[in-house]
Each structure stands twice: as C-alpha cells, then as structure tokens.
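Since every read-out is calculated from the coordinates, none of them should be taken as a lab result. Not measured: the values here are computed from a predicted model. Cβ placement follows ideal geometry from the backbone for every residue including glycine, while neighbour counts extend to all protein chains displayed.
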Amino acid sequence: MAKRTPTTRADRRAGAGAAVALAFAALAFAVYAPALHAPFFSDDLHYVQANAYVQTPSLANARAIWSPVGPVVGIVENYAPVHLSLHALAWQAFGADVVGHHALNVAMHVVASLLLVQWLRRSGVATRAAVALGAVFLVHPANVEAVAWISQVKTTSALALALAALLAHLSCLVLPLPPISTPLPSTTPFPSHLSLHALAL
C-alpha cells in the first residue's frame, strides 16, 4: 500500500488559493455571461474595431501605440499604451469576435479581485473576511460598466496593476528597519513596484 505524502501548510494554502481563484472565475463569468455577446459600441469603435494600429501587428504600430506624441494619441484622445496593447493582443487572439474581448475584461476583473484579497490579507484582515470582501467587490454592481464594456479594460487592468504595485510595495516594508550601514539586498522590489505604478497610470 502506497504511503501518503504528508500535506504541508504551504500545500494547503496553495490549494485553498487555487480553489478561491477558480470560484471567483466561475462566479464572474456567470454574473457577466449576459454581456459576453454585447457588440462593439461607442469608444470601442475607435479603440478597437476601427483602429488599424491595434489590428495590425508591427513594430511601427507598437512604437506608435507607446509614443506619447504619436498619431494614436489623437485617434483615441488620450495616452493609453497599456490599454491599447491589451486590445492589440486580444485582436490577434480573437479578431472581431466580441466574446474574447469581453472575456479578457472579465478575466482582468477576476485578477484584480484576487489581488484585492491578497492586499487585504497583507493589511491584517482575516483570510475569510478578505475572501468575502473580494467576492463582494467581484459581483458589486458598481463595476458593471467597467467590466461589461470592452474599451474599459483600461479600468480593470489599471486596478490590477495598482494592486500589484501595492503588494510589491508592502513587500519592501521590513520591520524592524536594518541599520543604515546595512546594504539593501540586490533583489529589492522597489523597481518592480515603481514600474507597476507607472503601468497602472
């Protein structure tokens, strides 16, 4: 008879985290299922459906998307390189099929909700309470416009990046502080959280 491998606390924590992630994903797609077939409209037209820079992959178009003074800024009336890059990736994956574009937005909302749970836990909130609050945020009607509207992936992705930046920042806070003469480790996460903050903006 084969011996059972003892389950460690880390294994149980990883299993619980995976279960929460799957539950959040299932709940989000169930709640937003009616919006998955909604057509492109309003800002979706110039951000995605009629945007050649998003639809045609090339180094020149990527540079134009990331240029703060390029023609893309005039087309979409703001500087949103991360947002447009996500749309470009989605267009290559799904083309004009709106279901894929909506699914990307729902997935970003799930990621943001899970990161919110992690941030609450790191801030001292009990695990069950953090998961409950994350679930409330996941299905709260205040998020409908951002999650159900394709061009609002800028909102869901910005929140996910901002929460990731906060989590990276929390990992920098080491108490008690080391002596001034002690050099910081080479793996200090300050560059990572500053980069995430910049991308969120």
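Some notes on this structure:
- Selection from the range 121-145 of residues that are without any contact (Cβ under 8 Å) to a residue 40 or more places away in the chain, closer than 26 Å to His83 by Cβ and touching a helix residue (DSSP H, G or I) at 6+ places or on another chain (Cβ under 7 Å): Phe137, Asn143, Glu145
- When Val20, Val54 are screened for being buried (at least 16 other Cβ atoms within 10 Å of the Cβ), in contact (Cβ under 8 Å) with a residue 12 or more places away in the chain, out of contact with any Ser or Thr (no Cβ under 7 Å at 6 or more places or on another chain) and closer than 19 Å to Val153 by Cα, only Val54 passes.
- If only residues of the range 62-75 that are among the hydrophobic types (A, V, I, L, M, F, W, C) and surrounded by fewer than 20 Cβ atoms within 10 Å (Cβ to Cβ) are counted, the one that is farthest from Val153 (Cα to Cα) is Val69.
- Residue in the range 80-93 that is part of a loop (DSSP other than H, G, I, E, B) and among the hydroxyl-bearing types (Ser, Thr, Tyr) present: no
- So Val54, is it within 20 Å of Trp149 (Cβ to Cβ) and of a type outside the set (Phe, Trp, Tyr): yes
- Residues in the range 20-77 that are of a type in the set (Ser, Thr, Tyr) and assigned to a loop (DSSP other than H, G, I, E, B): Tyr32, Ser42, Thr56, Ser58, Ser67.
- In the range 89-103, the residues that are under 23 Å from Ala164 (Cβ atoms) and surrounded by fewer than 20 Cβ atoms within 10 Å (Cβ to Cβ): Leu89, Ala93, Ala103
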